[in-house]
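Nothing in this text is a laboratory measurement; each read-out follows from the coordinates by a stated rule. Source: prediction; values computed, not measured. Note that each Cβ is placed from the backbone with ideal geometry, even for glycine, and that neighbours are counted across all protein chains shown.
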Amino acid sequence: KNEVEQSPQNLTAQEGEFITINCSYSVGISALHWLQQHPGGGIVSLFMLSSGKKKHGRLIATINIQEKHSSLHITASHPRDSAVYICASDNTDKLIFGTGTRLQVFP
Amino acid sequence: DARVTQTPRHKVTEMGQEVTMRCQPILGHNTVFWYRQTMMQGLELLAYFRNRAPLDDSGMPKDRFSAEMPDATLATLKIQPSEPRDSAVYFCASGLGQGTYNSPLHFGNGTRLTVT
C-alpha cells in the first residue's frame, strides 16, 4: 500500500525566509503532485513532476525517484504564501494524498 | 480563464435526504475526478471518469453514493440517503490526457456538505 508522508505538519515563518516542505512516498509512482489549498478552501495545482526539478516564480519542486522523496521550496516567503501545501503521489490516476503542511508566514 | 465549476457551494440537509452535487469540468478536459476532504481523512478519491466512462468508483460507499456523467459538460455525485458522516467538502477536478500524470488537475471550489 502506498503511503505519503509530509513534514512538517505545521510551519511558521517570518516574511522573507526560505521554506522547505518534505514529502516521502513508499512505492514507485508515475508522478508527484504539489497542491496549494488556500484558507478559503480552493485547491490549486502547483507542480506535477516525475523527475528532476521544476521552478515557477518563487516556488521550486524537486523529486528524487530513487529515494522516493520530494521537496517544495519557497524562496523569499510572503504572507500570501500562507496556505496548506499538499503532496500527492500519482500511480496511474490514483492520487494518494499527504495530510498537508499548514504554512503561516508572518510579516 | 477556464475553471471547474461546482454547485452548490454549500449544502445543509437533514439525515435521510437526497443530495446532488454538480460539476462542470473545463471544456475539452476528458477526465473528471470526485474527491472528498474531511479533517480526519484528508483528501480521498471517490470516483473518476474518462471520456464519460466510469473507470473507478472503489472509493465510494456503493449503497448510498452514485456518480454519473450524463454528458461531457456535467458530472454529478449523488448521496441517497445522506448521513451525518457524509459531512465533508466534496471536490471535483478535471484534467486532460490518459492519466493524471499527463496533465495537472484543475479543481473546483468544492461543495461543503453538512448533514444534520
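Pop out the ³J(HN,Hα) list for the stretch A:19-35 in order, Karplus 6.51 cos²θ - 1.76 cosθ + 1.60 with θ = phi - 60°, rounded to Hz; leave Gly and Pro as x.
Computed from phi, the couplings for the stretch A:19-35 are 10, 10, 10, 10, 9, 10, 10, 9, 10, x, 10, 9, 6, 10, 10, 10, 10 Hz.
Which residue fluctuates most in the GNM of chain A (Cα springs below 10 Å): A:Q37, A:Q14, A:Q66?
A:Q66
Which distance in Å, rounded to a whole number, links the C-alpha centroids of the stretch A:29-64 and the stretch A:66-91?
6 Å
Determine the relative contact order of chain A: mean sequence separation of Cα pairs under 8 Å and six or more apart, normalised by residue count, in whole percent.
37 percent
Give me B:L46, A:L95 sorted ascending by neighbouring Cβ count inside 10 Å, so fewest comes first.
B:L46, A:L95
Percent of Cα-Cα pairs per 5 Å bin, from 0 to the last occupied bin, for chain A, please list those.
3, 14, 25, 26, 19, 9, 4, 1, 0
Per the Kirkwood definition applied to all pairs of different Cα atoms, how many angstroms is the hydrodynamic radius of the protein assembly as shown?
The answer is 18.0 Å.
Please report the relative contact order for the stretch B:1-94, taking Cα pairs under 8 Å with a sequence separation of at least 6, and give it as a percent rounded to a whole number.
Once divided by the residue count of the stretch B:1-94, the mean separation gives 36 percent.
Relative contact order of the stretch A:1-52, please, whole-number percent, based on alpha carbon pairs below 8 angstrom and at least 6 residues apart.
30 percent
Who wins for biggest fluctuation among A:T20, A:T75, A:T92 in a Gaussian network model of chain A, springs between alpha carbons below 10 Å?
A:T92
In a shell of Cβ-Cβ distance under 13 Å around B:L74, excluding B:L74 itself, what net charge do Lys and Arg (+1) and Asp and Glu (-1) give?
Surrounding charge for B:L74 is +1.
If amide H atoms are built 1.01 Å from N in the plane of the peptide, which residues on other chains or at least 5 residues away come under 5 Å of the amide H of A:S26?
A:E3
Please give the FRET efficiency for B:L74 paired with B:M39, using the beta carbon to beta carbon distance and R0 = 25 Å, rounded to the nearest 0.05.
Working from the Cβ atoms, E equals 0.30.
Counting only DSSP beta bridges with both residues in the protein assembly as shown, what percent are antiparallel, rounded to the nearest 5?
Just about 90 percent of them are antiparallel.
If I build a Gaussian network model for chain B, linking alpha-carbon pairs within less than 10 angstrom, which residue out of B:V32, B:V12, B:V89 has the largest mean-square fluctuation?
So, out of B:V32, B:V12, B:V89, the one fluctuating most is B:V12.
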